[in-house]
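For reference, the structure is listed below as C-alpha cells.
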Amino acid sequence: MKARSTILLFAGLTVVLCAAGYYLASAAPDGLERIAIRLGFAHRERAALTGPLAEYEFPWLASPALRKTAAALLGALVCFLALLAWGRYAKKSKVAAP
Amino acid sequence: MHIPDGFLSPAIWVTMDAAAAPAAAWCARRSRAQIDETRVPLLGVMGAFIFAAQMVNFPVAPGTSGHIVGAALLAVLFGPCTAALVMAAVLLVQALLFQDGGVTALGANFWNLGMTGSFFGYLPYWLSLRAGGRLRTPALFLGGWLAVMAGAAAVAAELSFSGVASPRLLFVSLLGVHALTGLAEGAITVAAVRMIEKLNPKLAGLEVKSYELRGGADL
C-alpha cells in the first residue's frame, strides 16, 4: 500500500510546525501549569535532569527564532529515526519468527 | 498535560514507572505482531508530526493554553498498542532532550498520554467499526475528546494520591480546562483522518474491516 502522499503531507506539516511554532505558540501556561499555580503546588516542580535542549532551544544559535526551529526540527528528527528503527526491527523480527 | 518532576510523590511515580515498563513491553509485543511493514515510514513521520504538534500551544481559556495529544489519531491509524509506543517515543524525547515532562514522571506520563490516551481515544472508533461504521465521524471526534479527558482524569488521580491539593479541586479544574482542549483535539482528529482518507482511504481504515480488526480485535 503506497502512502507517499500522506507521508509527504505530514512531513511537510511537521516542518511547518517546527518553523512556525515560535511565532504561533501561545506563551500562556498550559492547563496543568495554570492549575498548579492556582492551587499552590507549582513550587514543587524541580528538574531531575537538565535536558540539553531545555525550553525547546538549540543553545548554539543566536537568533531566538532559529534556536526554537533548530531544536524543534532536531526533536522531530529524533522521533522519526527512533520510530523508523523500531518499525524496521519489528518488521525483521516478524519475518524471522516461524 | 505533561507532569514535571516534583509534582508526584515518590510512592506514586515509582509505582507508575514500575507499571509502565510491562505495559510498554506488552504494547511492543502486540505492535510487533500486528505491524504492517508498508506503514513503517508513516509511523516515523506521524511520530515526528505529533512531537511538532505538541509544541504548539494554543489558547483554550484566558491565560491558559493547551496542545494536542494526538493519541486518538495515532490509534485510528495504527491501533492503540502502536499508538501508545509512538507516544512513549515522543515522551522520551521530550523528557530527555527538552526537559518537557519529568524523567521520574515518565511512567505516569506514559500512562496518562500513551496508554489512557490511545485506548480511550480508540474506543469510540472501535465501537463504531463494530457497528458497521455507523457514526464514524462523531466517534472520531469523541475519541479525540475522550483521550484528553481520560488523560486529565488520570493526572488528577495521580496528583490527588500525591496529596498536592484537594482531589475535588484537582478533578474539577483539570477536567474543566481539558474539556475545552479536548474539543480542539476532537476537531483535529476528525480533520486529520478526513485528510488522510482523501489521500489514501485504506490508511485510515475507511473500510469497515479496519487494519486493527483484521489484525485481531485489540480491546
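The values are calculated or read from the model by the stated rules, or taken from the named source; none is laboratory data. Quantities reported herein were computed from a predicted structural model and do not represent experimental measurements. With ideal geometry, Cβ positions are generated from the backbone for all residues, glycine too; neighbour counts draw on all protein chains shown.
Say whether the condition of being closer than 30 Å to residue A:52 by Cα, touching a Phe, Trp or Tyr at 6+ places or on another chain (Cβ under 6 Å) and among the hydrophobic types (A, V, I, L, M, F, W, C) is met by at least one residue in the range B:161-177.
Yes - at least one qualifying residue is present in the range B:161-177.
Give the residue that is modelled with the lowest pLDDT, with candidates limited to residues of the range A:39-98 that are closer than 17 Å to residue A:14 by Cα and surrounded by fewer than 16 Cβ atoms within 10 Å (Cβ to Cβ).
A:65
Name, by its number, the condition in (1) of a type in the set (A, V, I, L, M, F, W, C); (2) modelled with pLDDT of 95 or more; (3) surrounded by fewer than 24 Cβ atoms within 10 Å (Cβ to Cβ) that does not hold for residue B:45.
Exception for residue B:45: condition (3).
For residue B:68, indicate whether it is in a loop (DSSP other than H, G, I, E, B) and more than 10 Å from chain A (Cβ to nearest Cβ).
Working: in a loop (DSSP other than H, G, I, E, B): yes; more than 10 Å from chain A (Cβ to nearest Cβ): yes.
Yes; evaluated as a whole, the condition is true for this residue.
What helices (runs of 4 or more DSSP H) completely inside the range A:1-96 contain at least 1 residues that are under 13 Å from the mean Cα position of the chain (by Cα), facing chain B (nearest Cβ under 7 Å) and of a type outside the set (Asp, Glu)?
Values: elements: A:4-24, A:31-39, A:64-96.
In the range A:1-96, A:4-24, A:64-96 are the helices (runs of 4 or more DSSP H) which contain 1 or more residues that are under 13 Å from the mean Cα position of the chain (by Cα), facing chain B (nearest Cβ under 7 Å) and of a type outside the set (Asp, Glu).
So which pairs qualify, if the first residue must be in the range A:64-76 and within 23 Å of residue B:86 (Cβ to Cβ), the second must be β-branched (Val, Ile, Thr) and crowded, with 19+ Cβ neighbours inside 10 Å, the Cβ gap must be under 8 Å, and the two must be at least 6 apart or on different chains?
Between residues of the range A:64-76 that are within 23 Å of residue B:86 (Cβ to Cβ) and residues that are β-branched (Val, Ile, Thr) and crowded, with 19+ Cβ neighbours inside 10 Å, the close pairs are A:75/B:93; A:76/A:14.
How many residues does the range B:51-80 contain that are free of Cβ contacts under 8 Å to residues at least 24 places away in the same chain and in contact with an Asp or Glu (Cβ under 7 Å, 6 or more places away or on another chain)?
Residues meeting the conditions: 2.
Could we say that residue B:33 is modelled with pLDDT under 95, over 20 Å from the mean Cα position of the chain (by Cα) and closer than 15 Å to residue A:91 by Cβ here? Give the steps one after another, and end with the answer.
On the way: modelled with pLDDT under 95: yes; over 20 Å from the mean Cα position of the chain (by Cα): yes; closer than 15 Å to residue A:91 by Cβ: yes.
Against the criterion (modelled with pLDDT under 95, over 20 Å from the mean Cα position of the chain (by Cα) and closer than 15 Å to residue A:91 by Cβ), residue B:33 qualifies.
Find all pairs meeting these conditions: Cβ atoms under 8 angstrom apart; at least six residues apart or on different chains; first residue within the range B:170-187 and without any contact (Cβ under 8 Å) to a residue 24 or more places away in the chain and part of a helix (DSSP H, G or I); second residue surrounded by 24 or more Cβ atoms within 10 Å (Cβ to Cβ) and not aliphatic (A, V, I, L, M).
B:174/A:31
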